[in-house]
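Below is one structure, written out as structure tokens; comments come after it.
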Amino acid sequence: MSATIDKSPAPARRFAGLRREIRGMRAVMPFVLIFAAFVLLALLAPLVAPLDPNSQNLLGRLKPPGTTARGIFYLLGTDNLGRDLLSRLIYGARISLSVAILSVVLSGTAGTILGMAAGLARGWTETVIMRLADIVLSVPAVLLAIIMVAVLGPGFANVVLVLALTRWPRYARVAYGQTLSVANMPYVRLARFMGAKTPRILLIHILPNIIGAIIVVATLEFGLMVLFEAGLSFLGLGVQPPTPSWGAMLSTGRAYVATAWWIAAFPGACLFLLILSVNLIGDHLRDRLDPKSR
Amino acid sequence: MTESSQILAVEGLTTRIGVNAVVDGVSLAVNSGEVVALVGESGCGKSLTALSIMGLHPAAARIGGGSVRLDGDDLLRFSEKQLRGIRGKTLSMIFQEPVASLDPLMRVGEQVAESLVVHGVASKSEAESRAIDMLEKVGIPDPAARARQYPAELSGGMCQRVMIACALIARPRLLIADEPTTALDVTIQAQILALMKELRREIRTAILLITHDMGVVADIADRVCVMYAGRIVESGDVASIFAQPSHPYTRLLLATIPKLSGTRKTRLNAIEGSVPDVSDWPVGCRFRTRCPLADDACEKMPPDFSVSGDDTHRAACWHIDRLSEMDAMGEMA
């Protein structure tokens, strides 16, 4: 019996599942594209932004969209310091997305590890971790974040840290519940019987079987993180000026809503589009990955 | 069967849940290459006996006494770590639900190879090629391709074959099979039993088969231990037990096998009632509440009487000599 594995099982069939998956995504496709566009803009900001987001043009302040001032065309107008709104939006996408990605990865990893540990170890480990999660969840997240930023001081790293510290219980709860049900599956008992040690059980047998639910939570949390970052920046607790952030731009625009609507309207629209698309993608993933709604 | 080498010797095994001895002084032995069936109704303690042998009894249960010798070593004295060292390697098990017992997100080949990998017996690639050989042995066509598939792509019977491959790949000395065919339909059952018979010859594995199905017992077992309410009530060679069942319970169990000879009006035989709850097991012979032959003598616990005269066939009943009366009672149910 030869051990070599034949690696050519009709490629067409091999990708059939993937192709079916893409067809099933047709309804959310526009939102996937919007999300991808934001990501691309953020990644390529220096290349696609027409101007330096921080260069001021005090003579060209509060110009409406589509004006040309001193030979420069401002597609989306300028803000109260004469900075190009389009460029600031593009750079602002970097902040929104990176804060969201980092905080989701941090809180997701921490929450998943803690939840799985609680679900598998039971006993006092379970009590300590899950009650702590309950406590964190019982305090309004925004309030908690505001207090923590006030203590730690504002700034990019602190915002990420604070979001991770306030959001991990979401993942911990899901990971805990899923681990409890998977850990009692006969195949986990069998693997344990066959001599597999705890780390192998967690990584090889439990994690792959619960990761779908975690990913669903992560996508839904992602939109929330974008909103939280904007909220903290709106209150002046997020990334500090002059770094462009959609939340801070909204906050600035608020003072000029009556005279220069575009300063608040465009970042608001960007937030709306990004969060909407992320949430719809999340809903789609939930329908696909959550066995309960299948 | 030759008495060549005794692989498993259980002596007076007692497992308590709370104050009740759910497994009460069970003794049985399995020799090399032999299939011993542990038979009984649900709730008679046969699964707990198997779990106790492997040290997998639930946390609420306590082993109260006895010994479980596997190749001479008393497993009851093993630490959890020592037990982990032999499980899957010298001592293996097939569980009841083949489909649920396979990790849905792990390729079949990897799962078969798992016990070799976790015990460090073989490298990953070597283990996987041995897994493919094993899949072929359990009669899976195109094993190399199947090894790359996921359990959801296999049928129930295939999954049970894979389970058997998982259990036997490390060539264990003893295989405990807990109702291995219960979840399968009858034609697949026959195939799986045939496969087990073939493999125990090839791998020289002793098998302790837990079942409630007398048909399965007749098909594959060499020896039978009949269990009722935590005790072994009769044990002996399969031929001897079927020819001369010597405990009323065994008689009634055998009578439950449907016969082809009856008319269409013949009702299926059943044993009246069910195994009483542990807390109200009767004093003395525990079967006396359901036994047609019961009388005052049964209030004392009967010892194991030899039926055959040479100790190979024993039954724990005061009324072995009155068994013929049961036939006179006609349709017993």
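The values are calculated or read from the model by the stated rules, or taken from the named source; none is laboratory data. None of the values given here were measured: they were computed from a predicted structure. Please note: Cβ atoms are built from the backbone with ideal geometry, for glycine as well, and neighbour counts cover all protein chains shown.
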Mind checking which residues of the stretch A:46-65 are surrounded by fewer than 16 Cβ atoms within 10 Å (Cβ to Cβ) and assigned to a helix (DSSP H, G or I)? A:P46, A:L47, A:V48, A:L58, A:L59
Which residue pairs have Cβ atoms under 8 Å apart, sit 6 or more places apart or on different chains, and have a first residue in the stretch A:240-259 that is more than 9 Å from A:G92 (Cβ to Cβ) and a second that is crowded, with 16+ Cβ neighbours inside 10 Å and among the aromatic types (F, W, Y)? A:L250/A:F234; A:S251/A:F234; A:G253/A:W262
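Take B:S27 and decide whether it is of a type in the set (S, T, N, Q) and in a strand (DSSP E or B).
Against the criterion (of a type in the set (S, T, N, Q) and in a strand (DSSP E or B)), B:S27 qualifies.
Go through the stretch B:127-142 and give me each residue that's facing chain A (nearest Cβ under 8 Å) and not aliphatic (A, V, I, L, M). Quick ask: steps written out before the conclusion?
Going through the stretch B:127-142, the residues facing chain A (nearest Cβ under 8 Å) turn out to be B:128-129, B:132-133, B:136.
Passing the criteria: B:E128, B:S129, B:D133, B:E136.
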Of (1) buried (at least 22 other Cβ atoms within 10 Å of the Cβ); (2) within 14 Å of another protein chain (Cβ to nearest Cβ); (3) closer than 27 Å to A:S98 by Cβ, A:S233 satisfies every one except (2)
On the basis of being outside the structural domain of B:M106 (by TED's automatic domain parsing) and of a type outside the set (A, V, I, L, M, F, W, C), does B:R161 make the cut? no
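Let's see how each residue does on (1) more than 13 Å from the chain's Cα centre (by Cα); (2) acidic (D, E):
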| residue | (1), (2) |
| --- | --- |
| B:I7 | yes, no |
| B:G12 | yes, no |
| B:G18 | yes, no |
| B:A21 | yes, no |
| B:V26 | yes, no |
| B:V30 | no, no |
| B:L38 | no, no |
| B:E41 | no, yes |
| B:L48 | no, no |
Filtering the stretch B:152-164 down to residues that are buried (at least 24 other Cβ atoms within 10 Å of the Cβ) and either within 12 Å of chain A (Cβ to nearest Cβ) or outside any helix (DSSP H, G or I) (or both) yields B:V162, B:M163
Can you name the residue in the stretch B:202-219 that is touching a helix residue (DSSP H, G or I) at 6+ places or on another chain (Cβ under 7 Å) and part of a helix (DSSP H, G or I) and is also surrounded by the most Cβ atoms within 10 Å (Cβ to Cβ) among such residues? B:V217
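Here is a check on your reading of the model: is B:P292 under 25 Å from B:T14 (Cβ atoms), at pLDDT below 85 and surrounded by fewer than 20 Cβ atoms within 10 Å (Cβ to Cβ)? Give the derivation first.
Numbers: under 25 Å from B:T14 (Cβ atoms): no; at pLDDT below 85: yes; surrounded by fewer than 20 Cβ atoms within 10 Å (Cβ to Cβ): yes.
It is false that B:P292 is under 25 Å from B:T14 (Cβ atoms), at pLDDT below 85 and surrounded by fewer than 20 Cβ atoms within 10 Å (Cβ to Cβ).
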Filter the stretch B:220-245 down to the residues that are buried (at least 23 other Cβ atoms within 10 Å of the Cβ), part of a loop (DSSP other than H, G, I, E, B) and among the polar types (S, T, N, Q) and list them by number. none
Set A:Y91, A:Y74: member being at pLDDT below 80, surrounded by 15 or more Cβ atoms within 10 Å (Cβ to Cβ) and hydroxyl-bearing (S, T, Y): A:Y74
Can you find a residue in the stretch B:290-298 that is over 22 Å from B:I241 (Cα atoms) and touching a strand residue (DSSP E or B) at 6+ places or on another chain (Cβ under 8 Å)? no
Quick one: in the stretch B:43-86, of everything that is without any contact (Cβ under 8 Å) to a residue 40 or more places away in the chain and in a strand (DSSP E or B), which residue is farthest from the other protein chains (Cβ to nearest Cβ)? B:D74
Number of the exception - A:V226 against (1) in contact (Cβ under 8 Å) with a residue 40 or more places away in the chain; (2) buried (at least 20 other Cβ atoms within 10 Å of the Cβ); (3) facing another protein chain (nearest Cβ under 10 Å): (3)
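Of everything in the stretch A:149-203, what is of a type in the set (G, A, S) and surrounded by 18 or more Cβ atoms within 10 Å (Cβ to Cβ)? Give them in sequence order. Quick ask: steps written out before the conclusion?
Going residue by residue through the stretch A:149-203, those that are of a type in the set (G, A, S) are A:150, A:153, A:155, A:157, A:164, A:172, A:175, A:177, A:181, A:183, A:191, A:195-196.
A:A164, A:A172, A:A175, A:A183, A:A191, A:G195, A:A196, listed by residue number.
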Failed condition for A:M130, given (1) within 14 Å of another protein chain (Cβ to nearest Cβ); (2) in contact (Cβ under 8 Å) with a residue 40 or more places away in the chain; (3) more than 23 Å from the chain's Cα centre (by Cα), with all others met? (1)
Determine whether the stretch B:213-234 contains at least one residue that is more than 19 Å from B:Q189 (Cβ to Cβ) and at pLDDT below 85. no
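Restricting to the stretch B:100-111, what's the tally of residues that are facing another protein chain (nearest Cβ under 10 Å) and either touching a strand residue (DSSP E or B) at 6+ places or on another chain (Cβ under 9 Å) or among the aliphatic types (A, V, I, L, M) (or both)?
Going through the stretch B:100-111 one residue at a time, the tally reaches 5.
This table checks each residue for (1) more than 7 Å from chain A (Cβ to nearest Cβ); (2) over 26 Å from the mean Cα position of the chain (by Cα); (3) surrounded by fewer than 22 Cβ atoms within 10 Å (Cβ to Cβ).
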| position | (1), (2), (3) |
| --- | --- |
| B:G88 | no, no, no |
| B:P98 | yes, no, no |
| B:A113 | yes, no, no |
| B:V117 | yes, yes, yes |
| B:A147 | yes, yes, no |
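Is it fair to say A:V136 is surrounded by fewer than 19 Cβ atoms within 10 Å (Cβ to Cβ), in contact with a Gly (Cβ under 7 Å, 6 or more places away or on another chain), more than 29 Å from B:P98 (Cβ to Cβ) and touching a residue at least 12 places away in the same chain (Cβ under 8 Å)?
Numbers: surrounded by fewer than 19 Cβ atoms within 10 Å (Cβ to Cβ): yes; in contact with a Gly (Cβ under 7 Å, 6 or more places away or on another chain): no; more than 29 Å from B:P98 (Cβ to Cβ): yes; touching a residue at least 12 places away in the same chain (Cβ under 8 Å): yes.
No.
Would you check if there is a residue in the stretch A:171-184 being within 14 Å of chain B (Cβ to nearest Cβ), out of contact with any Ser or Thr (no Cβ under 6 Å at 6 or more places or on another chain), among the aliphatic types (A, V, I, L, M) and outside any helix (DSSP H, G or I)?
So in the stretch A:171-184, the residues within 14 Å of chain B (Cβ to nearest Cβ) come out as A:178, A:181-184.
Narrowing the set further to residues that are out of contact with any Ser or Thr (no Cβ under 6 Å at 6 or more places or on another chain) leaves A:178, A:181-184.
Subset that is among the aliphatic types (A, V, I, L, M): A:182-183.
Imposing the further condition that a residue be outside any helix (DSSP H, G or I) reduces the set to none.
Checked against the condition, which is being within 14 Å of chain B (Cβ to nearest Cβ), out of contact with any Ser or Thr (no Cβ under 6 Å at 6 or more places or on another chain), among the aliphatic types (A, V, I, L, M) and outside any helix (DSSP H, G or I), the stretch A:171-184 yields no hits at all.
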Any hit, the stretch A:238-259, residues being farther than 21 Å from A:S55 by Cβ, of a type in the set (S, T, N, Q) and not in a loop (DSSP other than H, G, I, E, B): no
